[in-house]
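> One structure, pasted below without further comment.
The values are calculated or read from the model by the stated rules, or taken from the named source; none is laboratory data. Bear in mind that the values here come from a model prediction, so they are computed numbers and not experimental data. Because the Cβ atoms are built from the backbone with ideal geometry, glycine has one as well, and the counts that use them run over all protein chains shown.
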Amino acid sequence: MDQKQDYANIILTQLESIETLNSLEIAKSLSINHQDLVGCLLQLESANYIKTEGQKQDQLILTNEGNTILNSQSGEYEIYQKIPQEGISMLDLQKLFCIEQVQKVKQEQGEKKEKQIDDPKKKQFDLGFGNAKKMGYIKMDKGLISKVANDLPDKIKLELSQLNTIKLGSQQAKLLIERKLAMISTIKYFEIKKGIKYANKFREQYAALTTEQLLNGEWKECDYKSINLNAEGEKISMGNLHPLLKVRKQFSQILIGLGFEEMPTNQFVESSFWNFDALFQPQKHPARDAHDTFFCSDPELSEEVDPNLRDKVKSMHQTGGVGSIGYQYEWSNEEARKNILRTHTTAVSSKMLYRIAQLYKEKGYFPKKYFSIDKVFRNETLDATHLAEFHQIEGIVIDKNASLGQLMGIIREFFRQIGINKLWFKPTYNPYTEPSMEIYGYHPVLKKKVEIGNSGVFRPEMLAPLGIPEDVNVIAWGLGLERPTMIYYDIRDIRTMVGPEVKVETVRQNAFCVFESK
Ligand code: PHE
């Protein structure tokens, strides 16, 4: 039987003859910590052997200073002990306590004035000396200090050692509290009475009924712990979606709701051809510089695209077509084959448009709405709002009737669904769209206009080489995922959202849904 059960049985036996027990007294009589008894009481109470009632009681306990005295001696007693049989002068006695005498201290004003140094040793000595006199340890006669009697006991230390016999309101208690040697502390304890299932011996409580107990009939004799149906289950630690994933999910749901289909985006490495050339972006364009784009070294070049397509793109860049004169420069196939980390999701769109054009050859024209959300890479200087990799959301509508008005309408509806109602469109330039519009929105939290996206109607110079019929228009828009996520989750530094500084706890606590349409 373990010790807890020993204690339990002692309590139960005592309850046989005593109606109410006091847990403090039991702990004292067993010479154990009160806290150690509490566990045992809880066990007995949950099995209804006993009933407890919480009580409070004020008690005198030692302060740190009181404890120090208890472990050595009181100040007055130290003075008493140091006094020799024949007596001693005050000066010599103070010397024994290493107290410096009156000193000349230079005051700030420059005048010289005698001043007693504020010496804590001296203060303590004075206190002890006064007490020693008051308590009748020492006397002073014509400047000579001597003991009143030999072999007196250290009364304070004695009192402190018997603190529990001192009554709370007594003069003695008051004096000890005044001298900061003892203080009052409220302790909690239990009054113990018999419970409804009281027995004078504790029987083991089984947590579960086992097959063996059922088979051998033991269960008839066993006591079982009652089940706490109100206990909360253990919290399950689950995986949580990162804020970017939550917002990404919401954006894709909005776009799916608007009839868009997701494009396959699982290709971070792309050829310059699909990222730039197919988008009618000249090979000397600054975005194609190593300062802005990550180039791959192995393999450095991608495989050849369909030569027919390649030649069409080449001639569009060199000499133009569909009413355009092109860029009038020598187009390099090698430049187009350079592998890069895609710099925008429009690389995904250009590839998809080529695929659609192929399908048109087989099946004829059909309108289509596509979207993509995925990672893109730019050789940026990292700071609080820029990382070298981020996400873009892009939508394209391939339709004979697609117009700038429709583009503005779709963009308005998309942003309305993420809670941004006020929009402004500002003309801008993209090599692959004409007209092109930057999108600004009124930020409800920041209370100002902020740029939230870019858009436009894809140029015939881009669409014609891909094989999109002349009467089919393609409108498109794109925006970043990080910016709205940071704004809606109030993340000030992008490095606390992506990378090693992300706090798992914050990710757990973030709301799942951030956008509400009005
Ligand atoms: N690709 C553009 C960007 O990276 C966004 C865009 C997409 C613009 C589609 C026009 C049309 O900012």
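> Keeping to the stretch 330-355, report how many residues are under 18 Å from residue 259 (Cβ atoms) and either away from the ligand (no atom under 16 Å from the Cβ) or in a loop (DSSP other than H, G, I, E, B) (or both).
Total meeting the criteria: 0.
> Residue 348 fails exactly one of the following numbered conditions: (1) closer than 30 Å to residue 499 by Cβ; (2) touching a helix residue (DSSP H, G or I) at 6+ places or on another chain (Cβ under 7 Å). What is the number of that condition?
Of the numbered conditions (1) closer than 30 Å to residue 499 by Cβ; (2) touching a helix residue (DSSP H, G or I) at 6+ places or on another chain (Cβ under 7 Å), the odd one out for residue 348 is (2).
> Let me ask something additional. Out of all the residues in the stretch 379-421, which are among the aromatic types (Phe, Trp, Tyr) and surrounded by 21 or more Cβ atoms within 10 Å (Cβ to Cβ)?
Correct list: 414, 415.
> Quick check on residue 376: is it closer than 28 Å to residue 288 by Cβ, more than 33 Å from the chain's Cα centre (by Cα) and of a type in the set (A, V, I, L, M)?
Working: closer than 28 Å to residue 288 by Cβ: yes; more than 33 Å from the chain's Cα centre (by Cα): no; of a type in the set (A, V, I, L, M): yes.
In short, no.
> Keeping to the stretch 205-255, report how many residues are in contact (Cβ under 8 Å) with a residue 60 or more places away in the chain and either part of a helix (DSSP H, G or I) or in contact with a strand residue (DSSP E or B) (Cβ under 6 Å, 6 or more places away or on another chain) (or both).
Adding up the residues that qualify gives 13.
> If you go through the stretch 178-204, how many residues are without any contact (Cβ under 8 Å) to a residue 60 or more places away in the chain and either assigned to a helix (DSSP H, G or I) or in contact with a Lys or Arg (Cβ under 8 Å, 6 or more places away or on another chain) (or both)?
So the count comes out to 1.
> Restricting attention to the stretch 440-456, report how many residues are under 20 Å from residue 287 (Cβ atoms) and either of a type in the set (Phe, Trp, Tyr) or at pLDDT 95 or above (or both).
Total satisfying the criteria: 3.
> Within the stretch 447-504, count every residue that is among the aromatic types (Phe, Trp, Tyr) and farther than 19 Å from residue 426 by Cα.
The qualifying residues number 2.
> Answer with yes or no whether residue 10 is more than 30 Å from residue 150 (Cα to Cα), in a loop (DSSP other than H, G, I, E, B) and without any contact (Cβ under 8 Å) to a residue 60 or more places away in the chain.
No: the conditions fail for residue 10.
> Any residue in the stretch 264-271 that is under 28 Å from residue 356 (Cα atoms) and in a helix (DSSP H, G or I)?
Among the residues of the stretch 264-271, not one is under 28 Å from residue 356 (Cα atoms) and in a helix (DSSP H, G or I), which makes the answer no.
> So, one more: Which condition number in (1) in contact with a His (Cβ under 8 Å, 6 or more places away or on another chain); (2) buried (at least 17 other Cβ atoms within 10 Å of the Cβ) is the one that residue 450 fails?
Only one criterion is unmet by residue 450, namely (2).
> Residue under question is residue 23, and the condition is that it be surrounded by 12 or more Cβ atoms within 10 Å (Cβ to Cβ), hydroxyl-bearing (Ser, Thr, Tyr) and at pLDDT below 90; does it hold?
The answer is no for residue 23.
> Let me ask you something else. Quick check: anything in the stretch 45-67 modelled with pLDDT under 90, surrounded by 15 or more Cβ atoms within 10 Å (Cβ to Cβ) and under 22 Å from residue 194 (Cβ atoms)?
Yes, the stretch 45-67 contains a residue that is modelled with pLDDT under 90, surrounded by 15 or more Cβ atoms within 10 Å (Cβ to Cβ) and under 22 Å from residue 194 (Cβ atoms).
> Looking at the stretch 21-41, can you tell me whether even one residue there is in contact with a strand residue (DSSP E or B) (Cβ under 9 Å, 6 or more places away or on another chain), under 18 Å from residue 223 (Cβ atoms) and not in a helix (DSSP H, G or I)?
Among the residues of the stretch 21-41, not one is in contact with a strand residue (DSSP E or B) (Cβ under 9 Å, 6 or more places away or on another chain), under 18 Å from residue 223 (Cβ atoms) and not in a helix (DSSP H, G or I), which makes the answer no.
> Another question about this same structure. Where the second residue is in a helix (DSSP H, G or I) and charged (D, E, K, R) and the first is on the phi < 0 side of the Ramachandran plot and lies in the stretch 55-71, which pairs have Cβ atoms under 9 Å and are six or more apart or on separate chains?
So the pair list comes out as 69/157; 70/157.
> Select from the stretch 124-164 the residues that are aliphatic (A, V, I, L, M), closer than 19 Å to residue 92 by Cβ and part of a helix (DSSP H, G or I) and list them in ascending order.
132
> A further question on this structure: Condition first: surrounded by 12 or more Cβ atoms within 10 Å (Cβ to Cβ), within 29 Å of the chain's Cα centre (by Cα), more than 15 Å from the ligand (Cβ to nearest atom) and assigned to a loop (DSSP other than H, G, I, E, B). Now tell me which residues in the stretch 467-492 satisfy that.
489, 491
> Among the listed residues 348, 376, which satisfies the condition of being under 26 Å from residue 492 (Cβ atoms) and crowded, with 23+ Cβ neighbours inside 10 Å? Break it down stepwise before answering.
Values: 348 fails: under 26 Å from residue 492 (Cβ atoms).
After applying the criteria, what remains is 376.
> Considering only the stretch 493-508, state which residues are assigned to a loop (DSSP other than H, G, I, E, B) and of a type in the set (Asp, Glu).
493, 501
> Still on this structure, I have one more. Could you say which residue among 340, 356 is closer than 25 Å to residue 455 by Cα, crowded, with 17+ Cβ neighbours inside 10 Å and touching a Lys or Arg at 6+ places or on another chain (Cβ under 7 Å)?
Every option except 356 fails the conditions.
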